[in-house]
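Right, one structure below, let's go through it.
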Amino acid sequence: MKYPIENTELALFRGVGRYGIPQIEPETDIPIDKLVWIPFNFAMSAKDCSKKGVHFFIHDYQFERVWNDPDRYIQILQKFGAVVSPDFSMYVDHPEAVQIFNHYKRHWLAAYWQMHGIKVIPSIGWVEEKSYEWCFDGEPKNSIIAISSLGLMQDPEVKKTFEKGCKKALDELNPSKILWYGKPIECIEGRNATIIKPFYKSLEERKNNEQRRK
């Protein structure tokens, strides 16, 4: 079955803020430090799913399908211990309307998954300072959140914007725990953060360890 791109035939959520962003309900009891975190593109073939969590810190083209056909993936994601909301990209050079729509998409899917009993951790994203007007709409406070620094630490200006936005996010949301993907930064020091490495690095380490055992 094909749905309208906005998925309005499946669900309409009472949104918050100027743009009616669906609210993500808080999760505080997920053992994020005990789950094995895998990217969505490995979810279909995963075993022992209840002991794993799924994240979407990968290229958008690898998970756009969860938006285009949401019901197809519900039963798959229900098997996992937790799922991070999709990290649809919000690029600085994109029109603000596109940035806001990608924020809406991640929240609509998160709310839809929660409606189906899936434990969802919101991935928090922002662009430049102007995006603070809407980029935290619908995010839970005093809850577990996820943030990725992947690909944002090389360029000094991009890093500066990212660090400023991260501090703003932590001040706004006061998270109980942080699932951090990638290289950590100073503003999460002293907070209850679980650092997970990019998946390809974990695979490389596993491969190297296996070679040493031979």
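Read-outs: derived from the displayed coordinates by stated rules, not from any lab. Note that the structure is predicted; figures quoted are calculated from it, not measured. All Cβ positions, even for glycine, are placed from backbone atoms using ideal geometry, and neighbour counts span all protein chains on display.
Scale the Cα Rg of region 113-165 by the rule-of-thumb value 2.2 N^0.38 Å and send over the ratio, two decimals.
That ratio works out to 1.34.
So for the chain, taking the charge dipole from beta-carbon charges (+1 Lys/Arg, -1 Asp/Glu), which of HIS55, GLN154, PRO26 sits furthest toward the positive end?
Among HIS55, GLN154, PRO26, the one farthest towards the positive end of the dipole of the chain is HIS55.
If you average the C-alpha positions of region 46-65 and of region 143-184 separately, how far apart do those two centres end up, in angstrom?
20
Determine the alpha carbon to alpha carbon distance for each of LYS51/LYS167; LYS47/LYS79; LYS160/LYS197; LYS159/LYS183 and list only those over 19 Å.
On the way: LYS51/LYS167 31 Å; LYS47/LYS79 10 Å; LYS160/LYS197 21 Å; LYS159/LYS183 11 Å.
Too far apart for the 19 Å limit: LYS51/LYS167; LYS160/LYS197.
How high is the relative contact order of region 71-184, in percent, counting Cα pairs under 8 Å that sit 6 or more residues apart?
Numbers: 143 pairs, mean separation 28.3, N = 114.
Across region 71-184, relative contact order equals 25 percent.
Below 8 Å between Cα atoms, with a sequence gap of 6+, how large is the relative contact order for the chain in percent? Display every interim value, and only then the final one.
Values: 334 pairs, mean separation 42.4, N = 214.
Rounded, it is 20 percent for the chain.
Can you check what the net charge comes to around ILE32, using other residues whose Cβ is under 12 Å from the Cβ of ILE32 (Lys, Arg +1; Asp, Glu -1)? The partial results should precede the final answer.
Numbers: positive: LYS34, LYS52, LYS119, LYS177; negative: GLU27, ASP29, ASP33.
Charge balance near ILE32 sits at +1.
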